[in-house]
Amino acid sequence: MKDRPVILYVDDEETNLLLFRMAFENGREVLLANSPNEGLIKLTENRERITAVISDMHMPKMNGVQFVNEARKELNTIPYFILSGYFYDDEIDLALKEKKILKFFTKPFDKAEIEGYLNETNS
C-alpha cells in the first residue's frame, strides 16, 4: 500500500487547525502547526515526507507569504498554498506571480477545490 501524502497546515487559530485536520485526514496525513515558527520546525523534521504546505495568511510575527519564503529555503520542491479569511492583496498577488505559492484559497475553504489541487500536485 502506498503511503498517504503528508501535508502541513499552519494557522494560529486552534479551531481552524482542527477543522482542517477533520476535513483532510481521511486521505492524507495532516501535520498541524499553530505558528509559522512551529511550521518551520515541522517542515525541517518531516522534509522527506511532506508533499504540500498550506498556510494561513494573517498570523502574529510572520504572515503566510513570509512563512512560505522562509519555508522555501528549507524545502523548495513542493507546492505551497495560502488559505485566508481575508481578501486577496498585493502581497499574495506578487507571491502568485513569482510562483512562490501555487494558489490562494479563501475561508471558509472548499474542500473539493483544495483536494483537487493537492491531488494534481501529488500525482
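The values are calculated or read from the model by the stated rules, or taken from the named source; none is laboratory data. This is a predicted model, so every value here is computed, not measured. Using ideal geometry, Cβ is built from the backbone for each residue, glycine included, and neighbour counts are taken over all protein chains shown.
Quick notes
- Note on the stretch 1-44: among residues that are part of a helix (DSSP H, G or I), touching an Asp or Glu at 6+ places or on another chain (Cβ under 8 Å) and among the aliphatic types (A, V, I, L, M), the one that is surrounded by the most Cβ atoms within 10 Å (Cβ to Cβ) is 43.
- Restricting the stretch 59-77 to residues that are in a loop (DSSP other than H, G, I, E, B) and without any contact (Cβ under 8 Å) to a residue 40 or more places away in the chain, the residue that is surrounded by the fewest Cβ atoms within 10 Å (Cβ to Cβ): 77
- If only residues of the stretch 78-87 that are among the hydroxyl-bearing types (Ser, Thr, Tyr) and surrounded by 18 or more Cβ atoms within 10 Å (Cβ to Cβ) are counted, the one that is modelled with the lowest pLDDT is 84.
- Meets criteria (within 13 Å of the chain's Cα centre (by Cα), surrounded by 12 or more Cβ atoms within 10 Å (Cβ to Cβ), among the aromatic types (Phe, Trp, Tyr) and over 22 Å from residue 37 (Cα atoms)) for residue 109: yes
- Single match in 35, 123 (criterion: of a type in the set (Ser, Thr, Tyr) and at pLDDT 95 or above): 35
- Any hit, the stretch 85-95, residues being under 19 Å from residue 6 (Cβ atoms) and in contact with a Ser or Thr (Cβ under 8 Å, 6 or more places away or on another chain): no
- Flag: residue 50 does not match the condition of being more than 12 Å from the chain's Cα centre (by Cα), of a type in the set (Val, Ile, Thr) and within 17 Å of residue 17 (Cβ to Cβ).
- Checklist (1) part of a helix (DSSP H, G or I); (2) in contact with a Gly (Cβ under 8 Å, 6 or more places away or on another chain); (3) closer than 16 Å to residue 20 by Cα applied to residue 82, failing item: (1)
- Among the residues of the stretch 85-123, the one identified as among the polar types (S, T, N, Q) and more than 22 Å from residue 21 (Cβ to Cβ) is 123.
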